[in-house]
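The values are calculated or read from the model by the stated rules, or taken from the named source; none is laboratory data. A quick note: this is a predicted structure, and the numbers were derived from the prediction, not measured. Backbone-built Cβ (ideal geometry, glycine too); neighbour counts: all protein chains shown. Just so you know, the surface numbers come from the protein's heavy atoms only, side chains and all, with ligands and any DNA or RNA stripped out. Shrake-Rupley method; radii C 1.70, N 1.55, O 1.52, S 1.80 Å.
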Amino acid sequence: MRHLLILGAGTAGTMIANRMRRLLDPHQWQVTVVDRDDDHHYQPGYLFVPFAMMSPHDVVRSRHAQLHDGVHFITGEVSLVDHADDVVVLADGTRLPYDQLVIASGTTPRPDQTPGTTGALWRDKVHEFYTLEGAVALRAALEHFTHGRLVVHVTEMPIKCPVAPLELTLLAEAMLRRRGQRDQVEIVYVTPLPGAFTKPVASARLGHLLEDRKILVETDFMVESIDNERQCLVSYDEREVPFDLLVTVPLNMGADFVARSGLGDELNYVPVDRGTFLATGHDNIFAVGDAGDIPTSKAGSVAHYSVDVFVDNFLDHVEGRPLTHHFDGHANCFVESGDGKALLIDFNYDVEPLPGKFPVPVLGPMTLLEETRANHAGKTAFSWVYWNLLLPGRLPMPTDMSMAGKHLPPPAHHTEPGATFPEKEHLP
């Protein structure tokens, strides 16, 4: 019996386990998944919890219930990967041997990495929404926030779902307008990047979203600390952004056991071949989903498309054949913009988001880089797709990004990133 051991029962780990259980001979392979608990979270739902568009009950289901019969699920904390002896050691001392290892342990917010984040204002005037607990606390804070300065802040890239902070900003602005309180609230979006949208075509077409809504943008802001006494963000270049309510996206990092095992970079992500997900320097360890260091979005769509590539490669790999399938960095994301509308972007390693139709050329029904109600309906309906089609491995979609239905805008639209944004303001 050969052992395929998967560390993490999130999106990527669950999909791999379910696909492998169907494709590998059960008399030759045992498929085992390890995770710290039995709670599988639909993480895109965190965005909707602060606005009462989803409840906590809607985003959590049992992990083992999402795994096919025949997959062995173990609840436990991973302590170490002993890659010299091909053994994973759990915190309770249990040793799990493997022939092939898949690290799918994801990424998590680490507020402890920025001084002052978890200080006296934590969960009071300083919030995050990348955990369910944080999203629930933020909902209560937004319900009582009627005036002052709302700041939405990104600490550093990469983060899970890079568009989520923008979505939260736009949803909060729409909520304040509905409540008749928009004129009493100043909204500021603070990013370490040179613009809210950094790709030229997306910047040219979407820059108005923030300008039209009178949302200020503070760019190139590398936070040093959060000053709890003076209620402000402080950057390394000594800029300050005061707030009455702060929603921060903390530094995201991979699992600590990756560092302890000598498998990670400075953020605990596993260096891998970006086309095959094979860990650098290893022939029987892969990192898939958010756990690897591939240069694309840490998002569920990337997990979906990358798992399809991984499965084909893995079947060749265990039979001694070369890895001939390569992931192109394909990702697509719905971007909630408020008022029952959303945008859709589709891109990969080499092609930036472009306008057009998706998934069917000309017909759509989704429109790329435009606010539509159809895009919003697609995003809100995706939770059903996630539980019933994506995790079980029953969502057939072309892995590689297609240029069909997309078109390049005229050359005049190819502006420099950030060129269509309101002039950068250095806030007092």
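Data table
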read-out	value
Most mobile listed residue (Val234, Val247, Val309) in the chain, GNM with C-alpha springs under 10 Å	Val234
Ranked by how many other beta carbons lie within 10 Å on average, peptides 146-155, 296-305, 350-359, 116-125 from highest	296-305, 146-155, 350-359, 116-125
Mean Cβ neighbour count within 10 Å, used as a protection proxy, ranking 188-194, 15-21 highest first	15-21, 188-194
Positive minus negative residues near Val154 (Lys, Arg vs Asp, Glu; Cβ under 14 Å)	-2
Amide H contacts of His127 (H built 1.01 Å from N, under 5 Å, at least 5 apart or other chain)	Leu246, Val247, Thr248
Nearest-20 debye value, segment 81-123 charge dipole, Cβ charges on Lys, Arg, Asp, Glu	400 debye
Acute angle (nearest 10 degrees) that the helix 164-178 long axis makes with the longest principal axis of the chain, alpha-carbon atoms	40 degrees
Local electrostatic count, Ala374, Cβ distance below 11 Å [Lys/Arg +1, Asp/Glu -1]	+2
Theoretical ellipticity at 222 nm over the chain - DSSP helices of four or more residues, -39500 (n - 2.57) apiece, nearest 500	-6000 deg cm²/dmol
13 Å beta-carbon shell around Gly134, net charge (K/R +1, D/E -1)	+1
Gyration tensor (alpha-carbon) shape descriptor, segment 288-366, a/c threshold 1.5	prolate
Ala287 long-range amide H proximity, modeled H, under 5 Å	Ile103, Ala279
For Glu336, distant residues with modelled amide H under 5 Å away	Leu343
Size of electric dipole in segment 1-124: Cβ of Lys, Arg +1 and of Asp, Glu -1, about Cα centre, debye, nearest 20	340 debye
Angle between the chain longest axis and helix 11-23 axis [Cα atoms, degrees, rounded to 10]	30 degrees
Separation between Cα centres of segment 218-279 and segment 73-94, rounded to whole Å	27 Å
Carbon/sulfur fraction of accessible area - the chain, other protein chains in place, 1.4 Å, %	52 percent
Ordering of 378-385, 284-291, 76-83 by burial proxy (mean other Cβ atoms within 10 Å per residue, highest first)	284-291, 76-83, 378-385
